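The values are calculated or read from the model by the stated rules, or taken from the named source; none is laboratory data. All values reported here derive from a predicted model rather than from experimental measurement. Cβ atoms come from the backbone with ideal geometry, glycine included; neighbour counts cover every protein chain shown.
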């Protein structure tokens, strides 16, 4: 079973995404970019689903650091600012960008598309 690291400072979003993916993937969660980097090193996830706007370390900086650790990891960014952040996210290493609010089927498609 592949591992997904879900990173969001909102507990409800982490729980919602975890429920959406339960049974399909092994789930690991983090509440901010710093914790995400720590868990990324330990669990070596196949996919990362990450919010952009977070305290301590934002998603863009976390994406850059994860890509330095593993350039092949597939990263999906979740953001309410998709239009404004798209270029920066792609440059950092995100392969998909989903606007909040997002639909379960779009998230599943984004993961399957990058298998």
In the range 1-17, what residues are more than 13 Å from residue 78 (Cβ to Cβ) and in contact with a strand residue (DSSP E or B) (Cβ under 7 Å, 6 or more places away or on another chain)?
-> 1, 2, 3
Residue tally, condition in contact with a helix residue (DSSP H, G or I) (Cβ under 7 Å, 6 or more places away or on another chain) and buried (at least 24 other Cβ atoms within 10 Å of the Cβ), over the range 31-75 = 12
Single residue of 77, 12, 62 found to be free of Cβ contacts under 8 Å to residues at least 60 places away in the same chain, within 10 Å of the chain's Cα centre (by Cα) and assigned to a helix (DSSP H, G or I) | 62
Are any of the residues in the range 89-99 closer than 20 Å to residue 12 by Cβ and buried (at least 18 other Cβ atoms within 10 Å of the Cβ)?
-> yes
Go through (1) assigned to a helix (DSSP H, G or I); (2) within 12 Å of the chain's Cα centre (by Cα) and name the single condition residue 98 misses.
-> (1)
Given the residues 37, 75, which is the only one that is closer than 14 Å to residue 95 by Cβ and at pLDDT 95 or above?
-> 75
Among 88, 71, which is the only one that is out of contact with any strand residue (DSSP E or B) (no Cβ under 8 Å at 6 or more places or on another chain), assigned to a loop (DSSP other than H, G, I, E, B) and over 18 Å from residue 21 (Cα atoms)?
-> 71
